[in-house]
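Some notes on the structure that comes next.
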Amino acid sequence: MRALLIVDVQNDFCEGGSLAVAGGAAVASKITDYLKNNAGDYSLIVASRDWHDANSSNEGHFAIDGAEPDFVDSWPPHCVSGSTGADYHPNLDQTFIGVHVQKGMGHASYSAFEGITTDGRTLEQVLSDAQVTALDVVGIATDYCVLASALDARKTGIAVTVLTEMCAGIAVASTDAALAQLQQAGCAVVTSVA
Ligand SMILES: [Zn+2]
């Protein structure tokens, strides 16, 4: 069984958001176009969202109270649970998404495998329950949450493919390094499956 994981395609990670990644809104549109043509190729489509606590540094993940974010370990506040910034970007058609994963409640959480579904399962359990043997990964940001999620997927033993045409990274150098790291870990890195 083949599944698709859509990582953190949320307003705050797209243009106009508090931690905007260039190309984020376009990625959301490309994923929707892709799903219109290819959703039938997947037995399961999962989407993750960063879902942080309000009025908290989330254990230092948010730079608050005048602190400057270093954009490595600390970030501007983003994706506060229930906020507009935490919503999926409107360019992403949510009707294709079968399972929703939330992560980062009160702490940093780059990997969707650290999250939990609305019915209380881990992503690893979800994939196992659905007998998924191959996972395609897309989303934002290539150099952080896509990287961490794809590496964790690979650790579960399934085949992992990152489709870079539907990913956006924060910076060129860290994105290139992330793609190299993914390949070293045994993930396939391709532009698209077309
Ligand atoms: Zn976060």
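Quick notes on this structure:
- Based on DSSP H segments of at least four residues, each scored -39500 (n - 2.57), the chain has a per-residue ellipticity at 222 nm of -7000 deg cm²/dmol.
- For segment 111-194, the fraction of C-alpha pairs farther apart than 22 angstrom is 22 percent.
- Take every pair of alpha-carbon atoms less than 8 Å apart whose residues are at least six positions apart; their mean separation over the length of the chain yields a relative contact order of 25 percent.
- Segment 53-168: antiparallel DSSP beta bridges as a percent of all, rounded to 5: 20 percent
- Distances between every pair of Cα atoms in the chain, grouped in 5 Å steps from 0 to the bin holding the largest one, split as 1, 8, 18, 23, 22, 16, 8, 3, 1, 0 percent.
- DSSP beta bridge pairing in the chain, given as percent antiparallel to the nearest 5: 10 percent
- Sites matching chymotrypsin sites (Phe, Trp or Tyr not before Pro) across segment 54-91 that sit in DSSP coil, with at most 15 neighbouring C-beta atoms within 10 Å: Phe71
- Tilt relative to the chain, helix 24-38 - C-alpha long axis, 0 to 90 degrees, to 10: 20 degrees
Every number here is computed from the coordinates shown, using simple stated rules; none is lab data. In this text the structure is predicted, and so the values were computed from the model without any measurement. Note: ideal-geometry Cβ built from the backbone for every residue, glycine included; neighbour counts use all protein chains shown.
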